[in-house]
1. Has segment 198-216 got any residue that is surrounded by fewer than 14 Cβ atoms within 10 Å (Cβ to Cβ) and in a loop (DSSP other than H, G, I, E, B)?
2. How many residues does segment 34-45 hold that are surrounded by fewer than 18 Cβ atoms within 10 Å (Cβ to Cβ) and over 15 Å from the mean Cα position of the chain (by Cα)?
3. Restricting to segment 13-33, name every residue that is in a helix (DSSP H, G or I) and either more than 20 Å from the chain's Cα centre (by Cα) or free of Cβ contacts under 8 Å to residues at least 12 places away in the same chain (or both).
4. Could you list, in sequence order, all residues of segment 135-156 that are over 17 Å from residue 166 (Cα atoms) and modelled with pLDDT of 90 or more?
5. Residue 133 fails exactly one of the following numbered conditions: (1) part of a loop (DSSP other than H, G, I, E, B); (2) not assigned by TED's automatic domain parsing to the domain that holds residue 17. What is the number of that condition?
6. Quick test of your reading of the structure: residue 11 fulfils all but one of (1) in contact with a helix residue (DSSP H, G or I) (Cβ under 7 Å, 6 or more places away or on another chain); (2) over 27 Å from residue 131 (Cα atoms). Name the failing condition by number.
7. Any residue in segment 120-138 that's more than 13 Å from residue 207 (Cβ to Cβ): show its pairings with residues that are at pLDDT below 95 and buried (at least 24 other Cβ atoms within 10 Å of the Cβ) at Cβ separation under 6 Å, as long as the two are six or more apart or on different chains.
8. Determine, yes or no, whether residue 80 is assigned by TED's automatic domain parsing to the domain that holds residue 59 and under 23 Å from residue 40 (Cβ atoms).
C-alpha cells in the first residue's frame, strides 16, 4: 500500500474479497489499484483518492449473469463510505471516491465526472483485456456454469457468432466481441491507451489461436 490510509482501508476490504471467484478476487483489486496509482499523475488525479477508489471499487460483487450486473458500481459506492471514514478519509474526499466508484461500471455506461473516476475506469478496464482479461472471462464462465446458468466456452455450431446473435451468458467467447474488444477504444489516459492497444492485440491472438484449435483437423 502506497499511503497509510490505503493500508487501513485494505485491512477492511481484503477480508470481503471472494475466495471462490478468481475473476474478482483480491489479486484483481490489487492489479486495478497498482494501475490506478500509475495512471493518476498524468490524469491530474489525487493518487491517494484514486488508489482508495480502486480498493473499494468491487466492494459489492454482483454475478455477471445477474439482472443487476449494471448496479455493481453503484452498490459498491453506496457501501464504501463507512470503510473510507474508518480509514481516515474526510467527507469531501469520500464524495470524490464514491463518485469515481459509482461511474466505474462498464455495464452502467456512465462517463467519469473527475480525474479519479477516469483513472479508475481505465485501471479496471485494463484488467478486463489482454491475457489476464481472457483468463478472467473464462473464470467467469465457469462460475456461471456452476450456478446452473448453462455457460459454455463457445458454441460448437457457430463459435464466433457468424450466424446468430451474441450471447455472452451462454458462450464465454461471445463476451469478447460484445464487450472486451470495445474497451481499448474508450481509455482516457495516454498510458492506458497504449497498454490497452497491446492487450487488445493479445485478445485477437487468443481468438485466432482458438479458431485454429477448434477447427476440424
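1. First, the residues of segment 198-216 that are surrounded by fewer than 14 Cβ atoms within 10 Å (Cβ to Cβ): 198, 201, 204-205, 208-209, 211-216.
Subsequent filtering for residues that are in a loop (DSSP other than H, G, I, E, B) retains 215-216.
Yes, segment 198-216 has at least one match.
2. Initially, segment 34-45 is screened for residues surrounded by fewer than 18 Cβ atoms within 10 Å (Cβ to Cβ), giving 34, 41-42, 44.
Those still in the list that are over 15 Å from the mean Cα position of the chain (by Cα) too: 41-42, 44.
So the count comes out to 3.
3. We begin by selecting, within segment 13-33, every residue in a helix (DSSP H, G or I); these are 13-16, 22-24, 26-33.
15, 27, 30 - these are the residues of segment 13-33 that are in a helix (DSSP H, G or I) and either more than 20 Å from the chain's Cα centre (by Cα) or free of Cβ contacts under 8 Å to residues at least 12 places away in the same chain (or both).
4. 135, 136, 139 - these are the residues of segment 135-156 that are over 17 Å from residue 166 (Cα atoms) and modelled with pLDDT of 90 or more.
5. It fails just one condition, (1).
6. Of everything listed in (1) in contact with a helix residue (DSSP H, G or I) (Cβ under 7 Å, 6 or more places away or on another chain); (2) over 27 Å from residue 131 (Cα atoms), residue 11 misses just condition (1).
7. 120/104; 121/104; 124/104
8. Details: assigned by TED's automatic domain parsing to the domain that holds residue 59: yes; under 23 Å from residue 40 (Cβ atoms): yes.
Taking the combined requirement at face value, the residue satisfies it.
The values are calculated or read from the model by the stated rules, or taken from the named source; none is laboratory data. As the structure is a prediction and not an experimental result, all values here were calculated from the model. A quick note on method: Cβ atoms are made from the backbone with ideal geometry, for glycine too, and the neighbour counts reach across all protein chains shown.
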